[in-house]
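Below: one structure, written as structure tokens.
The values are calculated or read from the model by the stated rules, or taken from the named source; none is laboratory data. This structure is a prediction, so every number in the text was calculated from the model and none was measured. Note that we place each Cβ from the backbone using ideal geometry, even for glycine, and neighbour counts take in every protein chain shown.
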């Protein structure tokens, strides 16, 4: 039996309930027999994998590895994934570095097949590193089966602070967010931007995001989301606006709450 999170109510109240109970629910999720078998299999096998070819050839290992980086949709794209892994990330022109979705870059760097003579699979803590990611992503997927809004919010809570704390210019950080479809969705909804926003020039998109962020959060830098309070404000706006869109009503509880946020 697969894990099904308990989400008794919708909207922002449901999000608050999920956050309060998440630690307990994650323990339940990890105790599901199928999940425990996957973790045991990964721990037993991954240290013996020394090439991208070997990883891709083991469909179960590959599924777990891809899920850890939110790339499980590529489980049947073995040739593509092999190229991503074998190219590594240390060469500027590698496939992982060229792809807009930087999860591929993180995935390739984590395994190190294309970057080092001895891959990172040989590190004693490697299985723990990947399985920690696997648990988080698996839980988010289970949540997403009931509420994609909550899944995107959980993903944003993890990914945006990491980008915010990274090196590079603020524009580079905004481009990282724009290149990540789930994060882009959260920002667009939270800031009240239309679907057509994605079709305008990238530099103009960054300019609009900065202007809207300055009004909503008091600053136009991605680095501001290293502050938990700012991050919480972003997620709150996203969940409330998403609820309002789903209900399609200007007088919904979410709409009223959103109006209060603007005061």
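Listed values, structure above:
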| quantity | calculated |
| --- | --- |
| Residue count for region 39-90, restricted to those that are more than 28 Å from residue 156 (Cα to Cα) and part of a loop (DSSP other than H, G, I, E, B) | 4 |
| Meets criteria (under 16 Å from residue 176 (Cα atoms), outside the structural domain of residue 182 (by TED's automatic domain parsing) and part of a helix (DSSP H, G or I)) for residue 107 | yes |
| Total residues in region 49-70, condition more than 19 Å from the chain's Cα centre (by Cα) and either farther than 25 Å from residue 116 by Cβ or free of Cβ contacts under 8 Å to residues at least 40 places away in the same chain (or both) | 8 |
| For residue 174: the one exception among (1) within 11 Å of the chain's Cα centre (by Cα); (2) buried (at least 20 other Cβ atoms within 10 Å of the Cβ); (3) in the same structural domain as residue 205 (by TED's automatic domain parsing) | (1) |
| Single residue of region 177-208 satisfying the filter (surrounded by 13 or more Cβ atoms within 10 Å (Cβ to Cβ) and free of Cβ contacts under 8 Å to residues at least 12 places away in the same chain) that is nearest to residue 225 (Cα to Cα) | 188 |
| Checking residue 21 against (1) closer than 19 Å to residue 133 by Cα; (2) without any contact (Cβ under 8 Å) to a residue 40 or more places away in the chain, the condition it does not meet | (1) |
| Matching residues, region 1-38, being under 30 Å from residue 118 (Cα atoms) and either part of a loop (DSSP other than H, G, I, E, B) or touching a helix residue (DSSP H, G or I) at 6+ places or on another chain (Cβ under 8 Å) (or both) | 35, 36, 38 |
| Yes/no for residue 90 being crowded, with 19+ Cβ neighbours inside 10 Å, touching a residue at least 12 places away in the same chain (Cβ under 8 Å) and in contact with a helix residue (DSSP H, G or I) (Cβ under 9 Å, 6 or more places away or on another chain) | no |
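Results for (1) modelled with pLDDT of 95 or more; (2) surrounded by 18 or more Cβ atoms within 10 Å (Cβ to Cβ); (3) within 14 Å of residue 29 (Cα to Cα), shown as yes or no for each residue.
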{"position": "125", "(1), (2), (3)": "yes, no, no"}
{"position": "128", "(1), (2), (3)": "yes, no, no"}
{"position": "131", "(1), (2), (3)": "yes, yes, yes"}
{"position": "143", "(1), (2), (3)": "yes, yes, yes"}
{"position": "151", "(1), (2), (3)": "yes, yes, no"}
{"position": "161", "(1), (2), (3)": "yes, yes, no"}
{"position": "164", "(1), (2), (3)": "yes, yes, no"}
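Per-residue answers, yes or no, for (1) in the same structural domain as residue 240 (by TED's automatic domain parsing); (2) within 19 Å of the chain's Cα centre (by Cα); (3) in a helix (DSSP H, G or I):
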{"site": "141", "(1), (2), (3)": "no, yes, yes"}
{"site": "146", "(1), (2), (3)": "no, yes, no"}
{"site": "159", "(1), (2), (3)": "no, yes, yes"}
{"site": "183", "(1), (2), (3)": "yes, yes, yes"}
{"site": "197", "(1), (2), (3)": "yes, no, yes"}
{"site": "214", "(1), (2), (3)": "yes, no, yes"}
{"site": "223", "(1), (2), (3)": "yes, yes, yes"}
